[in-house]
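In what follows, a structure is listed as structure tokens, so that the remarks can point back to it.
Each reported figure results from applying straightforward, stated rules to the coordinates on display, with no laboratory input. Note that the structure is predicted; figures quoted are calculated from it, not measured. Note: ideal-geometry Cβ built from the backbone for every residue, glycine included; neighbour counts use all protein chains shown.
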Amino acid sequence: MNRRILVLGGFAILTAAACNEKRALLSDPIGASAYGYQMQQQATNIPRGSVRFKFHATPAAVTPDSFVVTLQGIDSLGPNGFYTAWAGDSLGTTFKRITGVLEAQRTDTALDALGNVLSQPQPKVTVGTFSAIQNGSARTTYTWRFERTNAGLAATDSMVVFLITVEDNNAATTPNATRRPLWARRSEGGPAGGLATSTLRFGNYAGNPLSQYLFVPTPARGRGVIWGSILEVTDSTLSRPPLGYYYAVYAVKEVPPGQTNGDTLFVGDLTSPYPRRNLSLYNADSIRTDPLVVLDIPPSISVGAARISADTVSKLPKDVVCTDYGDKVVSCPYKGYSNVRLTLESKNAIRGRMGPARILGAAIPFVVTAGQR
Amino acid sequence: MNKAHCWTSLRHFAVTAGFLAVAAGGARAQNASQVTVAVRGGLESFDKAASLDKSWVIGLDAMYGINNWLSVGPVFSLGRPNTTGSHFMTVLTYGVLNLGDTTNFYAAAQPISVLDGALNARVQLPGKKLSPYATLGVGGYTLFLDVQSNRGERHKVGVAVNAGAGLLYAFSDRAGVTFDVRSSTFTDYDRNILDPRITCDVAVPTFTQCPRVENSLFREDFKPAPKAKKTVMNFLFSVGFSYVPSFFGGGGGGQ
């Protein structure tokens, strides 16, 4: 009898255990919520400007030939970077380094009583006479004036192409063979009456206009997401950067007007997306670092990505904690960061310092900025 | 299949097993022309590619002794595992992307019933107290999926083979306890039917069909499911009560 009870008891326990399932259905999210954002086209502060060519319309003209260059959106370069000016012929076979007078005009912004942003140009300042410069700024407009004699040109030297190269030193006597990002041709400015004003082109200069590459920032698009400690951006249909440039991603901690403790976080260069994140697109300006995403025709990057985990970024303090809904204490490493930007950076600039050329940008969802998860 | 359904599906199995246990009266070890019944319970560890979590399992063996060392008969096992949710990661997104959306991640799992039965042959070495044995059989298996998760009854049937070995410890000449290790191989296995997510045709625009819920975000942060296999091998570890029902020749004999 005892044996029967034992058998039945054991069987009952096993049967009950078999029915004691936990229903692991869609009831409990795994990890933190992921907050997405869409990268908007900004295409602002790209290197740009114009060149006014003054030349002898007739043999009798006496006005000296000159360039008046207006330059904006250039980044400050590092110790091994110099924007260097050159004058050349129409075929791009002969260039001479030229020296000109540089003026700078800073444009500040202010808020009116309604909170609208006002542009406040400051007086022009003559910086000096230079054939190469290192500094730039998102808010500074440079005017660089070159007059034939003072620029160091002979009467026989051609002045139909203005070229800015990026040199590794300040002693270059021939233009860098590859890093020729800014130029203007007199012929493109509708020359008449001894004057022509041409738009300054940004890309890769070539003597034959059919071979040059013009950088176009507008096809870019992308999206990003923050999930707990992870910040990720994925961009697509990017133009390949001009030679000497690369794409980088920054997170920006903005502060209200009057405060100066804002900050930027270098998320990193664009890389190939998962599962090839180990392939950097830093050199996508010159080589196909990843044939799956870097194309020659059209010269584009079909997909690029950047990703960090706050656990591995020393700049993001691990002890920042916030109170989540329900008074739950959680880590919130991106608290205060309000924007994510995809920028175009010069390889001669200081790495990790955000440049002015902004391709895409997005506001980080407020729930992240505010420190909730 | 919810808890009530679980009980329902187990009822016949339990009644049958219980009846046999009660009817056993006394019990004894295997002998020629006798039926030995063993009620087993234990743990089943499924092939990782099967996408099933470990689960408790109950089983019933009814072996007819052809002679003192060979017996044949049906064997059944029933388990209630959960599917492995991490193999079916799901995302649900709320909001409008350009305004900032919110995505939550889920492991989509469901409780299922796994019933397998086979006709087995068992070879047992005679012994006074301890009798090792080996068993081999061919039969079938059925996966009964969760009714709620699958919006209706859904099941999958296939051929199964099993092989194992064990040890019988005899309390008396009619009763004993078995320690059993058995492999159960399911053929023509289809892991995809365990996926409770709405599957969508990627060639059809989202707005004309179901929303896509497969995880395409942070894929590197979730361990991918093992490669699917058509044949999965599971292992069942069990302890059983073995006895000889009196009306199946239990009146005499012994080892």
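Among the trypsin sites (Lys or Arg not before Pro) in the range B:45-134, those located in a DSSP loop and surrounded by at most 13 other Cβ atoms within 10 Å of their own Cβ are B:Lys128, B:Lys129. A straight Cα-to-Cα reach below 23 Å connects B:Lys227 with the lysines B:Lys48, B:Lys54, B:Lys156, residues fewer than 8 places away in its own chain not being considered.
Packing order of peptides A:186-193, A:140-147, highest average first: A:140-147, A:186-193 (average count of other Cβ atoms within 10 Å over each peptide's residues).
Counting every pair of alpha carbons in the protein assembly as shown, the share spaced more than 49 Å apart comes to 42 percent.
Let me check against my output: what whole-number percent is the relative contact order of the range A:183-294, with C-alpha pairs under 8 Å and at least 6 apart?
Averaging sequence separation for qualifying contacts and normalising by length gives 15 percent for the range A:183-294.
Determine, from the Cβ-Cβ distance of B:Leu99 and A:Asn80 and an R0 of 45 Å, the FRET efficiency 1/(1 + (r/R0)^6), rounded to the nearest 0.05. So the FRET efficiency works out to roughly 0.55.
Estimated from helical segments only, the mean residue ellipticity of the protein assembly as shown at 222 nm is -2500 deg cm²/dmol, where each DSSP H run of four or more residues counts as -39500 (n - 2.57). If you wrap chain A in the convex hull of its Cα atoms and look at it from every side, the mean projected area works out to 28.2 nm². For the range B:121-179, the list of chymotrypsin sites (Phe, Trp or Tyr not before Pro) that fall in a loop by DSSP and count at most 12 other C-beta atoms within 10 angstrom is empty. Counting Cβ atoms of other protein chains within 10 Å of each residue's Cβ and taking the mean over peptide A:160-166 gives 0. The mean count of C-beta atoms from other chains within 10 Å of the C-beta of residues in B:39-50, rounded to a whole number, is 1. For the residues of B:79-89, the average number of beta carbons from a partner chain within 10 Å of their own beta carbon is 2. With a Cα cut-off of under 13 Å and a minimum spacing of 8 residues unless on different chains, the lysine pairs in chain A number 4.
Within the straight-line cut-off of under 19 Å between alpha carbons, none of the lysines are reachable from B:Lys128, sequence neighbours fewer than 8 places apart in one chain being disregarded.
Percent of C-alpha pairs per 5 Å bin in the range A:48-199, short distances first: 2, 9, 17, 21, 19, 13, 8, 5, 3, 2, 1, 0. Between 0 and 90 degrees, the angle of helix A:2-19 with respect to the longest Cα principal axis of chain A falls at about 20 degrees.
For the peptides B:86-93, B:150-157, A:244-251, A:230-237, the ranking by mean Cβ contacts within 10 Å, running from highest to lowest, is A:244-251, A:230-237, B:86-93, B:150-157. Cross-link reach is defined here as a Cα-Cα straight distance under 17 Å, omitting same-chain residues fewer than 8 places apart; for B:Lys223 the aspartates and glutamates meeting it are B:Asp47, B:Asp53, B:Asp195, B:Glu214.
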